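The values are calculated or read from the model by the stated rules, or taken from the named source; none is laboratory data. This structure is a prediction, so every number in the text was calculated from the model and none was measured. With ideal geometry, Cβ positions are generated from the backbone for all residues, glycine too; neighbour counts draw on all protein chains shown.
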Amino acid sequence: MPGCDACIPHGGMQRGIVSFAVRRVTNACLSATVCFLFVASLSGQTVSDDNIRFRYGEAKKGMDTAACPAHTTDISEDSLVVAFFTAANYYPELCGVNIRLRYGAVKTSMAARPSVGSMFRKRSKRTYFLIVNRRAKSPQAQLLHEIPFNASVGLMGHELAHVLDYSNRSGWQILCIGIRYLGKNYRRRMERQTDATAISKGLGQPLYDYARYVIHRSAVGEKYRRYKLTYYMTPEEIRNALNNTE
Ligand SMILES: [Zn+2]
């Protein structure tokens, strides 16, 4: 079995050593470059997405309402429209799904529901409503137009996670969810899972800002604060989930 030196042509020992050294250095550089690009792509995917904070002006400039024509809105508050389309960007799989942002009478700040008339239609023919509560005095909810823009993107992200879940279920299964949702344990499991979905989509930081605002900063009643703490991920839990993905 020939040794390494046997590969070097007779009389070319020096050239062989130089060429070997160049190859080693080149390989090392290539490995380092690949390693760097891999780490950079990882950090770009997790760290920047999970720590993203949206500003209204920039988000409005970057908003493309024509990208997903199935998403429509009936509401007048521009910042909420921008928050809706900003959060929807993080759910490309819902682009062809009919989702309408509108006002309505709901007990919480927002709710996501399929339209009753379309619930038993083919999944591609259904319409879902993201319903915004705009009652001036709501005993339970934090009104959406009162919260910071980034936090409203977080709440929209949570509601879109509900739509994503519904869009993968039959009409009967959605009906079943509606009934089981009356049970406290199921409701808690479902809402926390929905928060986890929004985090996995890259909207953890806006969701954290929303949860923190409602729990620590807003003037919502104690009853609503307790409701949030019981059924949803707390700001600390969202923060921990974000840290675990970094
Ligand atoms: Zn929810």
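Among the criteria (1) more than 12 Å from the ligand (Cβ to nearest atom); (2) in contact with a Phe, Trp or Tyr (Cβ under 6 Å, 6 or more places away or on another chain); (3) at negative phi, the one G221 does not fulfil is (2). Among the numbered conditions (1) assigned to a helix (DSSP H, G or I); (2) away from the ligand (no atom under 16 Å from the Cβ); (3) surrounded by 15 or more Cβ atoms within 10 Å (Cβ to Cβ); (4) touching a residue at least 24 places away in the same chain (Cβ under 8 Å), the only one that K60 does not meet is (4). Scan the stretch 119-126 and tell me whether some residue there is surrounded by 15 or more Cβ atoms within 10 Å (Cβ to Cβ) and away from the ligand (no atom under 16 Å from the Cβ). Yes: the stretch 119-126 contains one or more residues that are surrounded by 15 or more Cβ atoms within 10 Å (Cβ to Cβ) and away from the ligand (no atom under 16 Å from the Cβ).
Within the stretch 45-69, the residues that satisfy the criterion of being modelled with pLDDT of 65 or more and under 22 Å from Y208 (Cβ atoms) are I52, R53, F54, R55, Y56, G57, E58, A59, G62.
A search for C-beta distances below 6 Å between a residue of the stretch 187-198 that is charged (D, E, K, R) and any residue that is more than 10 Å from the ligand (Cβ to nearest atom), counting only pairs 6+ apart in sequence or on different chains, returns R192/M233; D195/M233. With respect to (1) more than 14 Å from the ligand (Cβ to nearest atom); (2) over 15 Å from V97 (Cβ atoms), the lone exception for N168 is condition (2). Contact map, the stretch 160-171: residues that are closer than 13 Å to K201 by Cα and touching a residue at least 60 places away in the same chain (Cβ under 8 Å) paired with residues that are away from the ligand (no atom under 15 Å from the Cβ) and part of a loop (DSSP other than H, G, I, E, B), Cβ distance under 9 Å, separation 6+ or inter-chain. Pairs shown: L160/Y90; L164/V97. Within the stretch 201-214, being of a type in the set (S, T, Y) and away from the ligand (no atom under 13 Å from the Cβ) holds for Y208, Y213.
For the stretch 199-246, which positions are within 15 Å of the chain's Cα centre (by Cα), hydroxyl-bearing (S, T, Y) and within 15 Å of F149 (Cβ to Cβ)? Once the filter is applied, which keeps residues that are within 15 Å of the chain's Cα centre (by Cα), hydroxyl-bearing (S, T, Y) and within 15 Å of F149 (Cβ to Cβ), the stretch 199-246 yields Y208, Y210. Under the condition of being within 16 Å of the ligand (Cβ to nearest atom) and not β-branched (V, I, T), the residues counted in the stretch 91-110 number 7.
Of the residues in the stretch 182-200, how many are of a type in the set (S, T, N, Q) and either touching a strand residue (DSSP E or B) at 6+ places or on another chain (Cβ under 9 Å) or within 12 Å of the ligand (Cβ to nearest atom) (or both)?
Counting residues in the stretch 182-200 that are of a type in the set (S, T, N, Q) and either touching a strand residue (DSSP E or B) at 6+ places or on another chain (Cβ under 9 Å) or within 12 Å of the ligand (Cβ to nearest atom) (or both) gives 3.
Can we say H145 is surrounded by 15 or more Cβ atoms within 10 Å (Cβ to Cβ) and not basic (K, R)? No, not satisfied. For the stretch 72-129, a residue qualifies if it is part of a strand (DSSP E or B) and under 21 Å from S170 (Cβ atoms), and the qualifying residues are N98, I99, A111, A112, R113, P114, T127, Y128, F129.
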